[in-house]
Amino acid sequence: MYPRPIPEDAKTKRALYIGGVTLVVALWLLPLVAVMLTSIRSNEELMAGNYWGWPQKFSLVENYTAVFEQTAMLRFFLNSLLITIPSVIGVLILSTLTGFVLSRYPFRGSNLIFALFVGGNFLPAQIMMIPVRDLMVRLSLYDTVYALIVFHIAFQTGFATLFMRNFIAALPGELFQAARAEGASPFQVLRHVVVPLVRPALAALAILTFTFIWNDYFWAIVLTQSDAVKPVTAGLNNLRGEWTSAWNIISAATIFVALPPVVMFFLMQKHFISGLTMGAVKG
Amino acid sequence: MPRFWRRNRHWMTPALLLLPGLILFSLVILAASFETVWISLHDWDGIGAKTWVGLANYVELAEDPQFYVSLKNNIIWLLIFMLAPPIGLALALIVNQQIRGMRILKSLFFVPLVLATVTVGVVFGWVYDPTYGLLQLIFGLFGGTAPALLSDENFATLAVATAGLWPQIAFCMVLFLAGLNNLNEDLIGAGRVDGARGWQMLRHVVLPQLSQVGFIAIAVTVIGALRSFDMVAVMTTGGPYGSSTVLAYQMYEESIFSYRFGYGAAIATVLFVIMIAFIAWYLHGLIKAERSNA
């Protein structure tokens, strides 16, 4: 291990070290902690100028109910779920198929196809913005959740293919040879060999793509217009325009938007990190 | 047909399995990207007919002062973002200790990474708030007044890019931690025997082994800096007076707000050409890494 590990028996040194790192984390997350604190601060206190002191009165319930009752955040939240969940499922299905074929059926051009999938992922969103928007308008999908679902499935399949291909390629080859020796068709191999084995990869991929899609802002503003379909990210930004001075409400809404990915991250941290380092794709 | 199927199914089934993903991706992502180049050669309001104008959009772009402001800001983003790999490495080195409680601290460091850029934008909007923000609090401690960074044309880009740095550092940190976990213990041990310590050890023993991860961190950071959009859109909408815009945002503005889709497409194409060099560089490195691992 590098740097030199602090030995087990150096108790004081260890305690000091942990204390120091805690301090660094506290500074690192200070902006977020400030927003969290503001989200439970009462309006009167903000009016009185207590922005940074410890809240005298906790308005957690008031502020968060205000977000639900006085803003459309709940609607945006549901929209985000309606967009994100089907997109993630679509990405998982398509990338299992593409990853399986690209890892187990070598053919001429397979590397080229793979490179296209991976390279496409780094393209700046703006290069495809106009045609994608136009396509959705022509398909009458513009300003519906389907526009975002179709786009996210298409785009994330690029990254997810890289992910699934690497995972399936790393599975023991004997399994595939045995299945083929028994005369299993590719479809049977997929069903009986691949699908049972890729569950852990699917879990990692699901959480990663969930985060990417949930957090998307650009396509949310390019492909939607009305509040009835807007996801949380676009909704939050609009809210800021309307509630300029009600920082406690904006903060509560911000925490509300951040919560699902953060919770998922803490639940499935190992998968998330391994997925991210394996893909190293998120820009 | 059944006979044809039986004879050819060994290759047709894989082909059929590959097609849905491939077609969707090619149509929505790849074809669209090429279409943009085509659109950039037209004058188009997004609804009516496209008028062929050849390279006129590019000629106009070359004379557009706003384009150079965007380009300059993209470079500023790039320079500021270059801080992410070293800071990420420093943080990774700090938390790379096995002490009780370190694991939870480590994951707390990663939190900015899972936040939406809009969230980061709102959070830093609060930090930079000239009356009540965190920055003002810090300046206040010393009896000063914080500058209104986001409404100051000299500082807006710096402020926005610095906010964007926050999740980027976390990302580099994740990469370097993975790299540190794969260090060759024998080499470190040999280094220690030879009396290498601290900076020397880092420079001569550790960094060479992290070169692959470092390459990925730098490449991803460059690409991230060049395609920055969300933070600008959320924090300043390119203002004040277009001083904090970047190519990605200028492109969006020209298309969506000014209905100049052809001109927007030209900006997107320029951004794409700048980025393709870095994307190719990155892919080349990835393939090399994959070969050496195999």
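Of the numbered conditions (1) farther than 20 Å from residue A:94 by Cα; (2) surrounded by fewer than 18 Cβ atoms within 10 Å (Cβ to Cβ); (3) at the interface with chain A (Cβ under 7 Å from one of its Cβ atoms), residue B:20 fails exactly one; give the number of that condition.
Looking at each condition in turn, residue B:20 falls short on (1).
Just to check your reading of the model, which residue among B:272, B:229 is closer than 18 Å to residue B:69 by Cβ, out of contact with any Cys (no Cβ under 6 Å at 6 or more places or on another chain) and aromatic (Phe, Trp, Tyr)?
Values: B:272 fails: closer than 18 Å to residue B:69 by Cβ.
Of B:272, B:229, the one residue that is closer than 18 Å to residue B:69 by Cβ, out of contact with any Cys (no Cβ under 6 Å at 6 or more places or on another chain) and aromatic (Phe, Trp, Tyr) is B:229.
Can you tell me which residue among B:64, B:45 is in contact with a Lys or Arg (Cβ under 9 Å, 6 or more places away or on another chain), more than 8 Å from chain A (Cβ to nearest Cβ) and among the charged types (D, E, K, R)? Spell out the reasoning first.
Numbers: B:64 fails: in contact with a Lys or Arg (Cβ under 9 Å, 6 or more places away or on another chain).
Being in contact with a Lys or Arg (Cβ under 9 Å, 6 or more places away or on another chain), more than 8 Å from chain A (Cβ to nearest Cβ) and among the charged types (D, E, K, R) holds for just one of B:64, B:45, which is B:45.
So is residue A:153 under 21 Å from the mean Cα position of the chain (by Cα) and either free of Cβ contacts under 8 Å to residues at least 24 places away in the same chain or more than 25 Å from residue B:272 (Cβ to Cβ) (or both) or not? Give the derivation first.
Values: under 21 Å from the mean Cα position of the chain (by Cα): yes; either free of Cβ contacts under 8 Å to residues at least 24 places away in the same chain or more than 25 Å from residue B:272 (Cβ to Cβ) (or both): no.
No, not satisfied.
Somewhere in region B:159-173, is a residue within 31 Å of the chain's Cα centre (by Cα), under 27 Å from residue B:81 (Cβ atoms) and without any contact (Cβ under 8 Å) to a residue 24 or more places away in the chain?
Step one: of region B:159-173, the residues within 31 Å of the chain's Cα centre (by Cα) are B:159-173.
Keeping just the survivors that are under 27 Å from residue B:81 (Cβ atoms) gives B:159-173.
Pick out the ones that are also without any contact (Cβ under 8 Å) to a residue 24 or more places away in the chain and you get none.
Scanning region B:159-173, I find no residue that is within 31 Å of the chain's Cα centre (by Cα), under 27 Å from residue B:81 (Cβ atoms) and without any contact (Cβ under 8 Å) to a residue 24 or more places away in the chain, so the answer is no.
Counting only residues that are of a type outside the set (A, V, I, L, M, F, W, C) and crowded, with 19+ Cβ neighbours inside 10 Å, which one in region A:241-256 is farthest from residue B:235 (Cα to Cα)?
Taking region A:241-256 first, the residues of a type outside the set (A, V, I, L, M, F, W, C) are A:241-242, A:244-245, A:248, A:251, A:254.
Restricting the remaining residues to those that are crowded, with 19+ Cβ neighbours inside 10 Å gives A:248, A:251, A:254.
Working: A:248: 18, A:251: 15, A:254: 14 Å.
Taking the candidates together, the pick is A:248.
For residues in region B:72-94 being more than 14 Å from chain A (Cβ to nearest Cβ) and assigned to a helix (DSSP H, G or I), which is surrounded by the most Cβ atoms within 10 Å (Cβ to Cβ)? Before the answer, list the steps.
So the first thing to find is which residues in region B:72-94 are more than 14 Å from chain A (Cβ to nearest Cβ), and the list is B:72-73, B:75-76, B:79-80, B:82-83, B:86.
Of the ones still in play, those that are also assigned to a helix (DSSP H, G or I) are B:72-73, B:75-76, B:79-80, B:86.
Details: B:72: 13, B:73: 26, B:75: 14, B:76: 17, B:79: 12, B:80: 18, B:86: 14.
The selected residue is B:73.
Can residue A:63 be described as more than 23 Å from residue B:112 (Cα to Cα), surrounded by 14 or more Cβ atoms within 10 Å (Cβ to Cβ) and within 14 Å of chain B (Cβ to nearest Cβ)?
No, not satisfied.
Is it fair to say residue B:221 is touching a Cys at 6+ places or on another chain (Cβ under 9 Å), in contact (Cβ under 8 Å) with a residue 12 or more places away in the chain and surrounded by 15 or more Cβ atoms within 10 Å (Cβ to Cβ)?
Values: touching a Cys at 6+ places or on another chain (Cβ under 9 Å): yes; in contact (Cβ under 8 Å) with a residue 12 or more places away in the chain: yes; surrounded by 15 or more Cβ atoms within 10 Å (Cβ to Cβ): yes.
Considered against the rule, which asks whether it is touching a Cys at 6+ places or on another chain (Cβ under 9 Å), in contact (Cβ under 8 Å) with a residue 12 or more places away in the chain and surrounded by 15 or more Cβ atoms within 10 Å (Cβ to Cβ), residue B:221 comes out as yes.
Can you pull out every residue in region A:215-243 that is assigned to a loop (DSSP other than H, G, I, E, B) and either away from chain B (no Cβ under 11 Å) or touching an Asp or Glu at 6+ places or on another chain (Cβ under 7 Å) (or both)?
Initial filter on region A:215-243 (assigned to a loop (DSSP other than H, G, I, E, B)): A:216-217, A:224-231, A:243.
If the condition is that a residue be assigned to a loop (DSSP other than H, G, I, E, B) and either away from chain B (no Cβ under 11 Å) or touching an Asp or Glu at 6+ places or on another chain (Cβ under 7 Å) (or both), then A:217, A:224, A:225, A:226, A:227, A:228, A:229, A:230, A:243 are the ones that fit.
Across region A:105-117, which residue is nearest to residue A:176 (Cα to Cα) among those that are within 8 Å of chain B (Cβ to nearest Cβ) and surrounded by fewer than 22 Cβ atoms within 10 Å (Cβ to Cβ)?
Going through region A:105-117, the residues within 8 Å of chain B (Cβ to nearest Cβ) turn out to be A:105, A:107, A:113, A:115-117.
Next cut, surrounded by fewer than 22 Cβ atoms within 10 Å (Cβ to Cβ) only: A:105, A:107, A:113, A:115-116.
Working: A:105: 11, A:107: 17, A:113: 22, A:115: 24, A:116: 26 Å.
Among those that are within 8 Å of chain B (Cβ to nearest Cβ) and surrounded by fewer than 22 Cβ atoms within 10 Å (Cβ to Cβ), it is A:105.
Restricted to region B:174-200, and to residues that are part of a loop (DSSP other than H, G, I, E, B) and of a type outside the set (Gly, Ala, Ser), which residue is farthest from the chain's Cα centre (by Cα)? Walk me through it before giving the result.
Going residue by residue through region B:174-200, those that are part of a loop (DSSP other than H, G, I, E, B) are B:182-184, B:194-197.
Filter once more, so that each one left must be of a type outside the set (Gly, Ala, Ser): B:182-184, B:194, B:197.
On the way: B:182: 25, B:183: 27, B:184: 30, B:194: 40, B:197: 34 Å.
Here the residue is B:194.
Would you please list the contacts, defined by Cβ atoms under 7 Å and residues six or more apart or on different chains, that run from a residue in region B:25-38 that is more than 7 Å from every other protein chain (Cβ to nearest Cβ) and surrounded by 15 or more Cβ atoms within 10 Å (Cβ to Cβ) to a residue that is modelled with pLDDT of 95 or more and assigned to a helix (DSSP H, G or I)?
Every condition considered, the pairs that remain are B:37/B:269.
Tally time: how many residues in region A:26-45 are surrounded by fewer than 19 Cβ atoms within 10 Å (Cβ to Cβ) and in a helix (DSSP H, G or I)?
Our first condition is that a residue be surrounded by fewer than 19 Cβ atoms within 10 Å (Cβ to Cβ); within region A:26-45, this holds for A:26-27, A:29-30, A:33, A:36-37, A:42-45.
Going one step further and asking which of them are in a helix (DSSP H, G or I), we end up with A:26-27, A:30, A:33, A:36-37, A:43-45.
Residues flagged as surrounded by fewer than 19 Cβ atoms within 10 Å (Cβ to Cβ) and in a helix (DSSP H, G or I) within region A:26-45 amount to 9.
The values are calculated or read from the model by the stated rules, or taken from the named source; none is laboratory data. These numbers were taken from a predicted model, which means no experiment stands behind them. Counting neighbours? That spans all protein chains shown, and the Cβs are built from the backbone with ideal geometry, glycine included.
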